[in-house]
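The values are calculated or read from the model by the stated rules, or taken from the named source; none is laboratory data. Remember, predicted model here, so these are calculated numbers, not experimental data. Because the Cβ atoms are built from the backbone with ideal geometry, glycine has one as well, and the counts that use them run over all protein chains shown. Keep in mind that these areas ignore ligands, DNA and RNA; they rest on the heavy atoms of the full protein, side chains included. Shrake-Rupley method; radii C 1.70, N 1.55, O 1.52, S 1.80 Å.
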Amino acid sequence: MHLEKLSLTNFKNYEDGRFTFGPQINVIVGPNGSGKTNLLDAVYFLTLSKSAFQSQDTLTINHDADYFIIDGMFYKDAGDETGQHRVQITVSLQRGQRKVLMADKKPYEKVSEHIGRFPVVLVAPNDTDLVREHSEDRRHFFDGVLSQLDADYLRDYLMYQQILKQRNSVLKLFAERSHVDHDLLDTYDEPMLELAQRIHNRRAQFVNEFLPQFRAHYAYLSDAREQADIVYESEAGNPDFAAQFRQNRRRDVALQRTTMGIHKDDYSFLLGMPDGSTTALKKFGSQGQQKTFVIALKLGQFEQLKQEKGIKPILLLDDIFDKLDDIRIGKLIRLMEDQTFGQLIITDARPERTAQLLDGVQADVRFFRVGQ
């Protein structure tokens, strides 16, 4: 599976862009600020129906325009569920209107039906935020992987978020009216608890499945200097969670928000030391260890999607040659030489460096210059 053609209209800095990509390695070069990352984001948007970098879709519309259109032609091997060799995916947005997502010019009934159909993995310079920042960032990463893998998980997750939003709204309403309707809260709590249990179980299962691949990638990238670990932390794993959730209602009313649930889950990133102890990557890991950990996460994501979907995801590498040392760059290049990946789209502000790094790779390498 790979993206053959991409056309952009009024997407970020692209008023009109046309690209024909190769099935293996594609390198986007140009000066900083020329739109290299925006091009990767367009591919990401086309596959997952949202931007990797903007929280609001309207922020991706060119500031001089009222709409954007992203149109792509994907090639998929014969025999997949579509029965087609090529699939045209189009996403468009008009200011003040709902986003439209189409496959072969037919709108999806639900956008969620598209997620996971064309798997993608993005490695970006800000990925170390997964280590340094809040639990929300880590949940977002794992939820994103699971959403591409498991349509049932995505459905449950979206439903939970909808109920959570509604429950928080009525909690605020109770404060305004100085009256609590416990019967109304019950109508939210029962389905919320059921969904929380299913989401918790799937997250826990995924971490167990993901760990061996992730550890193998970390060991490869770090020359096995230490063992990396991920621990899933969730209140929903407590056998008494449902009772505790209900008992916590008074606190929720006072704070006007839902203070317990799987929306509070976290993932601890740990390193095992030679003496058998473990240490928190966030507090004690070096920059090199943090970068290695995150790249191992993304490579584990790639492997998991490949195994579950039976196809290699599109791999987007944004400016990573500037952020990695020579040893880790060499490791990634060897994976490319071994044809571990399918289609890659790489950005770099220094085309000479990328050309030199990829010189010995036996693959179809194409260069695209933007910003001229």
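Given the options Ala65, Ala124, Ala151, state which has the largest fluctuation in a GNM of the chain using a 10 Å cut-off (strictly under) for Cα springs.
Its mean-square fluctuation being the largest, the pick is Ala65.
I'd like the distance separating the alpha-carbon centroids of region 1-64 and region 132-167, in whole Å.
Going from one Cα centre to the other spans 24 Å.
Taking only C-alpha pairs under 8 Å that are 6+ residues apart, what is the relative contact order of the chain in percent?
Value for the chain: 25 percent.
Taking a 23 Å limit on the Cα-Cα distance, which of the listed pairs Lys12/Lys306; Lys50/Lys298; Lys76/Lys105; Lys50/Lys106 fall beyond it?
Pairs exceeding the cut-off: Lys12/Lys306.
Check cross-link reach from Lys172 to the lysines: straight Cα distance under 28 Å, and skip same-chain residues fewer than eight apart.
Straight-distance partners of Lys172: Lys264.
Beyond 26 Å, what percent of the Cα pairs of region 1-140 remain?
Everything past 26 Å amounts to 26 percent.
Using the basic label-point model (7 angstrom from Cα toward the beta carbon), what is the Ser178 to Arg95 distance in nanometres?
4.4 nm
Pick from Leu281, Leu270, Leu255: which residue has the top mean-square fluctuation in a GNM of the chain where Cα pairs under 10 Å get a spring?
Among Leu281, Leu270, Leu255, the largest mean-square fluctuation in the Gaussian network model of the chain belongs to Leu255.
Keeping the other protein chains in place, figure out the carbon and sulfur percent of the accessible area of region 312-366, with a 1.4 Å probe.
42 percent
For region 143-150, in order, what is each residue's ³J(HN,Hα) by Karplus, 6.51 cos²θ - 1.76 cosθ + 1.60 with θ = phi - 60°, in whole Hz (x at glycine and Pro)?
Values per residue, Gly and Pro as x: 5, x, 5, 5, 5, 6, 7, 9 Hz.
In units of 2.2 N^0.38 Å, what is the alpha-carbon radius of gyration of the chain?
Compactness ratio reported: 1.07.
Report the residue, chosen from Asp223, Asp152, Asp71, that carries the largest GNM mean-square fluctuation when the chain is represented by alpha-carbon nodes joined by springs under 10 Å.
Greatest mean-square fluctuation among the candidates belongs to Asp223.
Taking all protein chains as present, what is the carbon and sulfur share of the accessible area of region 129-308, in % to the nearest whole number, probe 1.4 Å?
Solvent-exposed carbon and sulfur of region 129-308 make up 48 percent of the total.
Please turn the phi angles of region 175-190 into ³J(HN,Hα) values with the Karplus equation 6.51 cos²θ - 1.76 cosθ + 1.60 (θ = phi - 60°), one per residue in order, whole Hz, x for glycine and proline.
5, 5, 9, 6, 8, 10, 9, 5, 5, 5, 4, 4, 5, 8, 5, 5
Skip the ligands, DNA and RNA, and give the accessible area per residue of the chain with a 1.4 Å probe, whole Å².
Roughly 48 Å² per residue, with all protein chains present.
Return one number: the angle in degrees, 0 to 90 and rounded to the nearest 10, between the long axis of the Cα atoms of helix 326-337 and the longest principal axis of the Cα atoms of the chain.
80 degrees
What value, in deg cm²/dmol to 500, does the helix sum -39500 (n - 2.57) over DSSP H runs of n ≥ 4 give at 222 nm once divided by the residues of the chain?
After summing the helix terms and dividing by residue count, I get -14000 deg cm²/dmol.
What does the charge count near Ile61 come to, summing +1 for each Lys or Arg and -1 for each Asp or Glu among other residues with Cβ under 12 Å from its Cβ?
My count for the surroundings of Ile61 gives -1.
How big is the Rg/Rh ratio for region 129-308, C-alpha atoms only, Rh by Kirkwood, two decimals?
Here Rg/Rh amounts to 1.05.
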